[in-house]
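The values are calculated or read from the model by the stated rules, or taken from the named source; none is laboratory data. Treat the numbers as computed from the prediction; the structure is a model and nothing was measured. We work out accessible area using only protein heavy atoms, side chains counted, and drop any ligands, DNA or RNA first. Shrake-Rupley method; radii C 1.70, N 1.55, O 1.52, S 1.80 Å.
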Amino acid sequence: HINWSKEVVQEYNKNDWITFTFIRKPEEVLCSLWNFVREKGVESFGLMGEYCLKSLDDFINIMLSSDEEFTMDLCWILPDYIDDLDYVAEINDNNLKEFCLKYFDHDYIPQRRRNTSLNKGYQYYRDNGDISDATHERLINHPEYIRYQKYLD
């Protein structure tokens, strides 16, 4: 999504292409990103890697900050063209099935997940105390998090 622009999406729409995306809950994206970078080796990710050396709670707070010298929010915010897409939904088997049937008359059959990490999920980290109440409140009250709610199941 970082390499696309509103103008590109509008051009595709003008030419009757189907434009779509599937999204994940922002809290899950943040936990996944933290785990992914740590698993792959933080030294390969520059400043992002340095942030992932911190606790998950600190990492989420950094990602919520817009005053960082390197804008990290691009990794989790919705793109400016999201409302121009023909279809936006949370990624799950039901939505994939609906999309494939609606646009391609294809019966989607769920498959084994291949691109996974050691991420245990946001709720696990909350319950385990890795994400503080203050950080959780900051996240769920963040304007971008609120913007996500329009598209999530």
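Sequence-ordered 3J(HN,Hα) estimates for the range 118-127 from the Karplus curve with 6.51, -1.76 and 1.60 and θ = phi - 60° stand at 7, 4, 9, x, 3, 4, 4, 5, 5, 5 Hz, glycine and proline given as x. Considering only Cα atoms, the convex hull volume of the range 1-40 works out to 88 Å³ per residue. Here the chain exposes an accessible surface that is 49 percent carbon and sulfur, computed with a 1.4 Å probe and the other protein chains kept in place. For the chain, the relative contact order works out to 33 percent when only alpha carbon pairs closer than 8 Å and six or more residues apart are counted. Put simply, the convex hull of the Cα atoms in the range 98-153 casts, on average, a shadow of 6.1 nm². Remark: the range 1-147 carries 63 Å² of accessible area per residue (probe radius 1.4 Å; ligands, DNA and RNA excluded). Counting only protein heavy atoms and using a 1.4 Å probe, the accessible area of E50 comes to about 110 Å².
Can you match P(r) over Cα pairs in 10 Å bins from 0, in percent to one of these, (i) 9, 33, 35, 19, 3; (ii) 9, 23, 21, 15, 14, 12, 6, 1, 0; (iii) 12, 43, 35, 10, 0, based on a calculation from the structure here? Among (i) 9, 33, 35, 19, 3; (ii) 9, 23, 21, 15, 14, 12, 6, 1, 0; (iii) 12, 43, 35, 10, 0, the one derived from this structure is (i). Ordered by solvent-accessible area of protein heavy atoms (1.4 Å probe), largest first, the residues F45, F59 come out as F45, F59.
Over the Cα atoms of the range 1-90, compute the convex hull volume and normalise it per residue, giving Å³.
108
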